[in-house]
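Enquirer: Please find one structure pasted underneath; my questions will follow.
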Amino acid sequence: MTVLVLTLIVLAGSYVAGLIGSLTGLGGGVVIIPLLTLLLNVNIHYAIGASLVSVIATSSGSAAAYVKEGITNIRLGMFLEIATTIGAMAGAMLALHIQTSVIAIAFGVILIFSAFMSLRKKNEQINTQKSEWAEKFKLNSQYPTAQGKVDYGVVNIGGGFAMMAFAGVISGLLGIGSGALKVIAMDGIMRIPFKVSTTTSNFMIGVTAAASAVVYLQRGYIDPGLSMPVVLGVLLGALTGSKILVHSQSSQWLRWIFAVIVTFLASQMIYNGINHKI
Amino acid sequence: MASKKNATDVDIQHIIGWILRVGVISSMLIVFIGGCLYLYRHGHEQVHYTDFVGVPGFVHSASGIINGILTWRGRAIIQAGIILLIATPVIRIIFSAVGFVLEKDWLYTGITLLVLAIILASALTGNAG
């Protein structure tokens, strides 16, 4: 295959990955890595490097919009970034030492998990309970809703922090944003309103990815020729997705179709990993 | 209680939003320009991404990339754009730190600098381990 043909295929595939990733809230990375490794036979290290770069682009691009709306809890994001960056650094170092087949299996498992997380019903919870540590770290805040500003409290700081460190390791190891894990930490463990969780998670993903990208860059995982169509395609796809989202409610059937596709891709990754084909 | 949002907080949020947007747009433009040059020069060559061999030497060091940019090598320009993109969230952190200093929020100035230190440590030890 020539460079030109590969670039065009990857560009188109990345656009679709970015579009779907944005519509389902999973992020483009989870689709682009199976596309590159399974279909185009690209080495998983290059695929992870290119995906990580696209994660920074989409996260920074959409965070710019959310920060302006004032939903993002910047203090909470900063505080938890201590955990995610340490985790990401550890994950990137780990990726240098473990077999690619193990990375492929881990990727498949996280992929299936993320897909089913995206199917969950999202109930906007408002927790007014405030823990001592949240008070100390000024994490309790308020966010704008249709009914005006609403106050919320944050609990279980230790548990959330630990989960964030794990999300960081996964992000550094697999080259994805691991937004699903970040949302579990905030929405599930720390009982933060869902909208605040997702936007703050998005805000943090870029910084987390940057912490492992600096390692990947020096190790030669980020190939410019391959990363170029991936990052441009995913970003354009995500932009299109965000435009569609503004105009329509994200539909449940789309999430279901996507969950099925993702599960199929994930099982292929696991299968190839077990047979050492990746 | 962080329930009050004062003027500096809102200003900093605007600056952060602006930095992120400018960083993404300019890096993508650089990547696009580099990509066009790369395709023009190497579009008809065969690809080889199946085995991991790292990246070409001239995009693996700062001096190589600068030389590459000066001689209009597409991949060097793309890599420069990617490095700018990776730097965007890091620059965002620096501005967050400035914002917390202006608010005299020393706790969060410290937390922000700690995150910055972790990323720097990651960058400096990237070749080790």
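Enquirer: On the given criteria, is B:L84 loosely packed, with under 15 Cβ neighbours inside 10 Å, more than 7 Å from every other protein chain (Cβ to nearest Cβ) and under 21 Å from the mean Cα position of the chain (by Cα)? Spell out the reasoning first.
Expert: On the way: loosely packed, with under 15 Cβ neighbours inside 10 Å: no; more than 7 Å from every other protein chain (Cβ to nearest Cβ): yes; under 21 Å from the mean Cα position of the chain (by Cα): yes.
In short, no.
Enquirer: Report yes if A:V262 is within 14 Å of another protein chain (Cβ to nearest Cβ), assigned to a helix (DSSP H, G or I), in contact with a helix residue (DSSP H, G or I) (Cβ under 9 Å, 6 or more places away or on another chain) and not hydroxyl-bearing (S, T, Y), otherwise no.
Expert: no
Enquirer: Inspect the range B:24-39 for any residue being farther than 30 Å from A:N43 by Cα and open to solvent by 70 Å² or more (accessible area, probe 1.4 Å) and give the result as yes or no. Spell out the reasoning first.
Expert: Initially, the range B:24-39 is screened for residues farther than 30 Å from A:N43 by Cα, giving none.
Within the range B:24-39, none of the residues are farther than 30 Å from A:N43 by Cα and open to solvent by 70 Å² or more (accessible area, probe 1.4 Å).
Enquirer: On the basis of being under 23 Å from A:G108 (Cα atoms) and either over 13 Å from the mean Cα position of the chain (by Cα) or open to solvent by less than 10 Å² (accessible area, probe 1.4 Å) (or both), does A:G206 make the cut? Quick ask: steps written out before the conclusion?
Expert: Working: under 23 Å from A:G108 (Cα atoms): yes; either over 13 Å from the mean Cα position of the chain (by Cα) or open to solvent by less than 10 Å² (accessible area, probe 1.4 Å) (or both): yes.
When the stated conditions are applied, A:G206 passes them.
Enquirer: Considering the range A:116-152 alone, what residues qualify as being under 21 Å from A:G168 (Cβ atoms), among the aliphatic types (A, V, I, L, M) and within 14 Å of chain B (Cβ to nearest Cβ)?
Expert: Correct list: A:A134, A:L139.
Enquirer: Considering each residue of the range B:54-97, count those that are in contact (Cβ under 8 Å) with a residue 40 or more places away in the chain and β-branched (V, I, T), and give that number.
Expert: 5
Enquirer: From the list B:L70, B:L20, pick out the single residue that is open to solvent by less than 40 Å² (accessible area, probe 1.4 Å) and modelled with pLDDT under 95.
Expert: Working: B:L70 fails: open to solvent by less than 40 Å² (accessible area, probe 1.4 Å).
After ruling out the rest, the residue left standing is B:L20.
Enquirer: Tell me whether the range A:214-224 contains one or more residues that are modelled with pLDDT under 90 and either in contact with a Lys or Arg (Cβ under 9 Å, 6 or more places away or on another chain) or part of a loop (DSSP other than H, G, I, E, B) (or both).
Expert: No - not one qualifying residue is present in the range A:214-224.
Enquirer: For the range A:116-148, which positions are open to solvent by less than 80 Å² (accessible area, probe 1.4 Å), assigned to a helix (DSSP H, G or I) and over 22 Å from B:I111 (Cα atoms)?
Expert: Within the range A:116-148, A:M117 is the sole residue that qualifies.
Enquirer: Before we move on, is A:F113 open to solvent by 10 Å² or more (accessible area, probe 1.4 Å) and within 13 Å of chain B (Cβ to nearest Cβ)? Reasoning before the result, please.
Expert: On the way: open to solvent by 10 Å² or more (accessible area, probe 1.4 Å): yes; within 13 Å of chain B (Cβ to nearest Cβ): no.
No.
Enquirer: Which residue pairs have Cβ atoms under 7 Å apart, sit 6 or more places apart or on different chains, and have a first residue in the range A:206-222 that is polar (S, T, N, Q) and a second that is open to solvent by 10 Å² or more (accessible area, probe 1.4 Å) and part of a helix (DSSP H, G or I)?
Expert: From residues that are polar (S, T, N, Q), the pairs are A:S212/A:M89.
Enquirer: Taking the stated definitions as given, is A:N275 open to solvent by 50 Å² or more (accessible area, probe 1.4 Å) and modelled with pLDDT of 85 or more?
Expert: Working: open to solvent by 50 Å² or more (accessible area, probe 1.4 Å): yes; modelled with pLDDT of 85 or more: yes.
The answer is yes for A:N275.
The rows are residues; the columns are (1) without any contact (Cβ under 8 Å) to a residue 60 or more places away in the chain; (2) in contact with a Phe, Trp or Tyr (Cβ under 9 Å, 6 or more places away or on another chain).
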residue	(1), (2)
A:A64	yes, yes
A:I74	no, yes
A:T85	no, no
A:M93	no, no
A:H97	yes, no
A:T100	no, yes
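Enquirer: Looking at A:F194, A:F166, can you tell me which residue is surrounded by fewer than 24 Cβ atoms within 10 Å (Cβ to Cβ) and within 21 Å of A:I270 (Cβ to Cβ)?
Expert: Result of the check over A:F194, A:F166: A:F166.
Enquirer: Kindly indicate whether any position in the range A:64-75 is modelled with pLDDT under 95, farther than 23 Å from B:I86 by Cα and assigned to a helix (DSSP H, G or I).
Expert: yes
Enquirer: If we scan the range A:169-178, do we find a residue that is within 11 Å of chain B (Cβ to nearest Cβ), buried (at least 24 other Cβ atoms within 10 Å of the Cβ) and without any contact (Cβ under 8 Å) to a residue 24 or more places away in the chain?
Expert: Let us first name the residues in the range A:169-178 that are within 11 Å of chain B (Cβ to nearest Cβ), namely A:172.
Of the ones still in play, those that are also buried (at least 24 other Cβ atoms within 10 Å of the Cβ) are A:172.
Going one step further and asking which of them are without any contact (Cβ under 8 Å) to a residue 24 or more places away in the chain, we end up with none.
No, the range A:169-178 contains no residue that is within 11 Å of chain B (Cβ to nearest Cβ), buried (at least 24 other Cβ atoms within 10 Å of the Cβ) and without any contact (Cβ under 8 Å) to a residue 24 or more places away in the chain.
Enquirer: Restricting the range A:225-258 to residues that are open to solvent by 40 Å² or more (accessible area, probe 1.4 Å) and among the aliphatic types (A, V, I, L, M), which is modelled with the lowest pLDDT?
Expert: A:V246
The values are calculated or read from the model by the stated rules, or taken from the named source; none is laboratory data. None of the values given here were measured: they were computed from a predicted structure. Ideal geometry is used to build each Cβ from the backbone, glycine not excepted, and the neighbour counts take in all protein chains shown. Only protein heavy atoms, including side chains, enter the accessible area calculation; ligands, DNA and RNA are left aside. Shrake-Rupley method; radii C 1.70, N 1.55, O 1.52, S 1.80 Å.
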